[in-house]
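The values are calculated or read from the model by the stated rules, or taken from the named source; none is laboratory data. What you are looking at is a predicted structure, and each value in this text was computed from that prediction instead of being measured. When we count neighbours, we look across all protein chains shown, and the Cβ atoms used for this are built from the backbone with ideal geometry, even at glycine. Side chains are part of the model used for accessible areas, which takes the heavy atoms of the whole protein and leaves out ligands, DNA and RNA. Shrake-Rupley method; radii C 1.70, N 1.55, O 1.52, S 1.80 Å.
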Amino acid sequence: STWGPLSLMALTRQTSVLSFYGADKKALVLEIGAALVKVGFGGEPRPRHVLPTRFALPDGRLMSLGVQQDGHRYSAAEYDAAVDAWLYEMFFRRLLVSPKDRRVVLVENLMLPSGLRDALGRVLFLRLGCASVFFLPAQVAALAPLETVTGLVVDLGHAETRVLPVVESYPLLSCQFTTPLAGRMLARNMGRLLGKFGRRRFVAAPRASLLDVPDEDDDRGLDDASWASTVGDLGGPWTEDWLDETLPQLAFVAPAKVPAGLSVQTADASAPAPAPAPAPENFTLAIDAENSIDVRGGVRGLIAEPLFQTGSAADVLSVPEAVLEALLACSPDARGTLSQNVVVCGGLAMLPGLLARLRSEVHALAASRPRYAALGSLVPRIRYVPLGFA
């Protein structure tokens with residue numbers, strides 16, 4: 001017979017390799033964000049688990065895989081111990097699979113600490129015995145559902161908003177613009193607004209009177225003096241985790257206000273002007289089992305206003321400014337294709353009214369600032385693609 005032991009071993013190895021790279025075993029996908037980690041299998045419509053990036057080390061300290069806390073620089077040994085414990089929990093207790101016979105795709109933030117990236121590689125290859133690990137930039141992965149390789153990715157995350165052009169699957173880091181106006185800032189803004197426009201009470205007590213609460217139109221957003229009380233402290237009975245969980249349920253993006261002196265033109269000049277929208281009703285928000293807070297109804301539309309505030313004393317780019325600056329920094333030859341695929345992703349992409357407000361704010365900025373005159377013909381043709389599930 002021509003089948004010897006070595007031939008059988010070679011055939012077995014070839015079969016295992018074909019099985020490994022075949023379609024019968026889906027790749028493991030891990031996306032590490034600033035606040036959440038999503039894990040699951042390639043080809044499935046949603047993650048199997050969505051977990052916080054913060055977890056407790058064996059000595060009781062809290063560590064985040066997404067961002068460094070309090071400026072502490074972790075050593076290689078600390079990273080290895082933390083990543084080892086975290087990946088073991090993820091693979092063997094959550095997904096119930098062995099990473100040895102599956103491909104692993106790590107959807108990463110390009111600004112991920114190098115120590116964490118090195119620790120992920122060491123633990124996956126040396127400790128868990130993975131045969132294939134692929135690091136994929138999150139902005140490139142955002143274009144995959146659209147079956148395109150070129151687009152302007154607007155990632156509205158937790159720690160920051162990042163606008164990054166991707167051309168032929170290559171991120172143009174020199175044209176990237178970031179702003180701290182993101183989920184964490186909106187959560188802090190919500191805490192500030194609840195303290196300014198709300199009244200705390202016990203659940204069994206009658207509803208609080210809000211007649212002495214200031215009018216919502218008086219709020220100046222990032223330039224409001226009440227921000228001073230939230231630096232280093234959220235300024236209320238709520239925790240940061242509670243604000244992060246409540247933000248998607250409470251916030252929405254209000255339409256842009258028409259500047260004073262301008263009127264909305266109707267098709268029929270003799271037709272009466274549309275009636276103003278009714279004022280939103282006040283609402284009650286439960287803080288815990290014993291406490292709640294009565295809040296002015298207009299607060300919900302103020303939570304996301306910092307995303308679009310330009311010219312503030314904070315001297316940070318608004319999201320519309322970051323979009324226009326990224327387009328302006330790109331080569332004129334690439335602007336046309338990028339403007340046709342402006343992909344809006346991240347946790348804040350699910351806020352109702354975000355795309356309509358972003359479209360109107362970008363158009364207004366491009367029309368009012370000479371700096372963006374070169375983009376005048378592109379702005380009306382910008383096509384926004386939401387990835388609300390990202």
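Would you check which residues across segment 108-156 are assigned to a strand (DSSP E or B), of a type outside the set (Gly, Ala, Ser) and under 24 Å from Ser98 (Cβ atoms) and list them?
Once the filter is applied, which keeps residues that are assigned to a strand (DSSP E or B), of a type outside the set (Gly, Ala, Ser) and under 24 Å from Ser98 (Cβ atoms), segment 108-156 yields Glu108, Val133, Phe134, Phe135, Leu136.
Take the conditions at pLDDT below 80 and either in contact with a Gly (Cβ under 6 Å, 6 or more places away or on another chain) or in a helix (DSSP H, G or I) (or both) and apply them to Gly301. Does it pass?
So Gly301 fails the test.
Looking at (1) hydrophobic (A, V, I, L, M, F, W, C); (2) modelled with pLDDT under 90; (3) part of a helix (DSSP H, G or I), which one does Ala159 not meet, given that it meets all the others?
(3) is the only condition that Ala159 fails.
Tell me which residues, restricted to segment 358-382, are over 13 Å from Arg335 (Cβ atoms) and open to solvent by 70 Å² or more (accessible area, probe 1.4 Å).
Within segment 358-382, Arg359, His363, Ala367, Ser368, Arg369, Pro370, Arg371, Ala373, Pro380 meet the criteria.
In segment 313-368, how many are in a loop (DSSP other than H, G, I, E, B), touching a residue at least 40 places away in the same chain (Cβ under 8 Å) and of a type outside the set (A, V, I, L, M, F, W, C)?
If we filter segment 313-368 for residues that are in a loop (DSSP other than H, G, I, E, B), which is where we start, we get 313-318, 330-331, 340-341, 346, 351-353.
If we keep only those that are touching a residue at least 40 places away in the same chain (Cβ under 8 Å) too, we end up with 313-314, 316-318, 330, 340-341, 346, 351-353.
Narrowing further to those that are of a type outside the set (A, V, I, L, M, F, W, C): 318, 340-341, 346, 352-353.
Count: 6.
Looking at Asp118, Asp101, can you tell me which residue is farther than 29 Å from Glu245 by Cβ and touching a Lys or Arg at 6+ places or on another chain (Cβ under 7 Å)?
Criteria check complete, one pass: Asp101.
Return the pair list, or none, for Cβ contacts closer than 8 Å from residues in segment 117-135 that are of a type in the set (D, E, K, R) to residues that are not in a helix (DSSP H, G or I), at least 6 apart or on different chains.
Within 8 Å, the pairs are Arg117/Glu108; Arg117/Phe135.
Quick grid of which residues meet (1) at pLDDT below 75; (2) under 23 Å from Ala159 (Cβ atoms); (3) open to solvent by 40 Å² or more (accessible area, probe 1.4 Å):
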residue: Thr12; (1), (2), (3): yes, no, yes
residue: Phe20; (1), (2), (3): yes, no, no
residue: Leu28; (1), (2), (3): no, no, no
residue: Ala35; (1), (2), (3): no, yes, no
residue: Gly42; (1), (2), (3): no, no, no
residue: Arg54; (1), (2), (3): no, yes, yes
residue: Glu78; (1), (2), (3): no, yes, yes
residue: Trp86; (1), (2), (3): no, yes, no
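Looking at segment 252-259, can you tell me whether even one residue there is assigned to a loop (DSSP other than H, G, I, E, B), touching a Gly at 6+ places or on another chain (Cβ under 8 Å) and modelled with pLDDT under 80?
no
Kindly list the number of the only condition in (1) of a type in the set (A, V, I, L, M, F, W, C); (2) open to solvent by 10 Å² or more (accessible area, probe 1.4 Å); (3) at pLDDT 90 or above; (4) closer than 29 Å to Lys38 by Cβ that fails for Val316.
(3)
Out of segment 91-116, which residues are open to solvent by 60 Å² or more (accessible area, probe 1.4 Å) and either under 19 Å from Lys38 (Cβ atoms) or of a type in the set (A, V, I, L, M, F, W, C) (or both)?
Those that are open to solvent by 60 Å² or more (accessible area, probe 1.4 Å) and either under 19 Å from Lys38 (Cβ atoms) or of a type in the set (A, V, I, L, M, F, W, C) (or both): Phe92, Arg93, Arg94, Leu96, Arg103, Met111.
Among the residues of segment 119-150, how many are under 27 Å from the mean Cα position of the chain (by Cα) and on the phi > 0 side of the Ramachandran plot?
So the count comes out to 1.
Name the residues in segment 292-307 that are within 23 Å of Val343 (Cα to Cα) and open to solvent by less than 10 Å² (accessible area, probe 1.4 Å), would you?
From segment 292-307, those within 23 Å of Val343 (Cα to Cα) are 303-307; that's our starting set.
Ile303, Ala304, Pro306, Leu307, listed by residue number.
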